[in-house]
Amino acid sequence: MKTLLDDYKIIRGSDIHRDGMYLELQQDGAAIAEVFLSDSDQSMIVNTFSNDIPTKVIQGLIAEGERRLPSEPRGDEGLEPDHLIGAVSDPSGGEVHLHLDQKGIDYLVETLSGLKVNLTSNKCDHAHLFSPAWAGNELSTIHISKGEQRVNHIKIYVWTPEWVANNNLKA
C-alpha cells in the first residue's frame with residue numbers, strides 16, 4: 001500500500017551546530033522540508049524552507065519525526081530494514097563484528113559515498129546508523145551469541161586532513 005511519503009526520500013542526520021537530529025524530506029534530490037529535534041530542550045521544529053508542501057505530507061513527516069527522532073532509546077520498537085547490517089561487539093568491546101547481505105553492503109556504500117562527497121568538498125561530516133531498538137531502521141536486529149553485545153548505534157565520522165592534524169587523531 002502506497003503512503004503519502006512514498007514519493008519522497010527521508011534522510012536522518014544530526015546537526016552539531018544546532019545540537020540535535022533531523023529528518024530531511026527530499027524530492028528530486030533537493031531538501032524541501034525538515035523536522036528537527038533539539039537535544040537541548042527536546043522541542044521539535046518543522047521547517048519547509050518556504051516550499052509549498054501538502055499538509056498531509058507535513059503531517060506524515062512530523063509523525064515520522066516523532067517515531068524516528070527519540071530523545072532516548074525506546075526499547076524494541078521500530079521497523080526492521082529491508083537489508084542486513086547487524087553489528088555486535090565481543091565481550092571485551094575490543095572487536096566489532098558487522099554482518100551484511102548484498103542490500104546492506106549497498107546501503108553502507110551509499111552512506112559512505114554521501115560522506116565522501118562532503119569530504120572531497122573539504123567538509124567534515126558524519127552519519128548515524130540506528131537499530132529499531134533505538135528508533136532507527138539502518139541496523140538490523142540480529143541474534144547474538146553468548147557474551148556478545150548488540151550495537152544499537154554506529155556513528156561514522158569523516159574528517160579533513162587539517163582536522164586530523166589539528167586534533168592529533170592519528171597515533
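The values are calculated or read from the model by the stated rules, or taken from the named source; none is laboratory data. Fair warning: this is a prediction, and the values are worked out from it, not measured in the lab. Here the Cβ positions follow ideal geometry from the backbone for every residue, glycine too, while neighbour counts run over all protein chains shown.
Can you work out which of the residues in the range 42-98 that are of a type in the set (D, E, K, R) and modelled with pLDDT of 85 or more is farthest from residue 147 (Cα to Cα)?
Quick first cut of the range 42-98, residues of a type in the set (D, E, K, R) only: 52, 56, 64, 66-68, 72, 74, 76-77, 80, 82, 90, 95.
Restricting the remaining residues to those that are modelled with pLDDT of 85 or more gives 52, 56, 64, 66, 82, 90, 95.
Numbers: 52: 52, 56: 46, 64: 34, 66: 33, 82: 27, 90: 7, 95: 12 Å.
Checking each candidate, the answer is 52.
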*Can we say residue 155 is closer than 25 Å to residue 88 by Cα and touching a Ser or Thr at 6+ places or on another chain (Cβ under 9 Å)?*
yes
*Within the range 1-19, track down each residue that is surrounded by 13 or more Cβ atoms within 10 Å (Cβ to Cβ) and in contact (Cβ under 8 Å) with a residue 24 or more places away in the chain.*
4, 5, 8, 10, 12, 13, 14
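Answer yes or no as to whether residue 113 is in the same structural domain as residue 145 (by TED's automatic domain parsing), under 23 Å from residue 159 (Cβ atoms), surrounded by fewer than 14 Cβ atoms within 10 Å (Cβ to Cβ) and out of contact with any Pro (no Cβ under 6 Å at 6 or more places or on another chain). Steps first, please.
Values: in the same structural domain as residue 145 (by TED's automatic domain parsing): yes; under 23 Å from residue 159 (Cβ atoms): yes; surrounded by fewer than 14 Cβ atoms within 10 Å (Cβ to Cβ): yes; out of contact with any Pro (no Cβ under 6 Å at 6 or more places or on another chain): yes.
Criteria met by residue 113.
Give me the residue from the range 6-46 that is in a strand (DSSP E or B) and among the acidic types (Asp, Glu) and, out of that set, nearest to residue 125 (Cα to Cα). Reasoning before the result, please.
Quick first cut of the range 6-46, residues in a strand (DSSP E or B) only: 9-15, 20-27, 30-38, 44-46.
Remaining after also requiring among the acidic types (Asp, Glu): 15, 24, 34.
Working: 15: 9, 24: 16, 34: 18 Å.
Checking each candidate, the answer is 15.
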*Name the pairs: first residue in the range 108-130 and modelled with pLDDT of 90 or more and of a type in the set (Lys, Arg), second residue surrounded by 12 or more Cβ atoms within 10 Å (Cβ to Cβ) and not in a helix (DSSP H, G or I), Cβ to Cβ under 8 Å, at least 6 apart or on different chains?*
116/158
*Look at the range 137-171 and say how many of its residues are in a loop (DSSP other than H, G, I, E, B) and under 23 Å from the mean Cα position of the chain (by Cα).*
12
_Between a residue in the range 137-151 that is free of Cβ contacts under 8 Å to residues at least 24 places away in the same chain and basic (Lys, Arg) and any residue that is exposed (fewer than 15 other Cβ atoms within 10 Å of the Cβ) and part of a loop (DSSP other than H, G, I, E, B), which pairs come within a Cβ distance under 9 Å, given they are 6 or more apart or on different chains?_
146/91
_So residue 84 ticks every box in (1) out of contact with any Asp or Glu (no Cβ under 6 Å at 6 or more places or on another chain); (2) of a type in the set (A, V, I, L, M); (3) on the phi < 0 side of the Ramachandran plot; (4) surrounded by 14 or more Cβ atoms within 10 Å (Cβ to Cβ) but one. Which box is left unticked?_
(1)
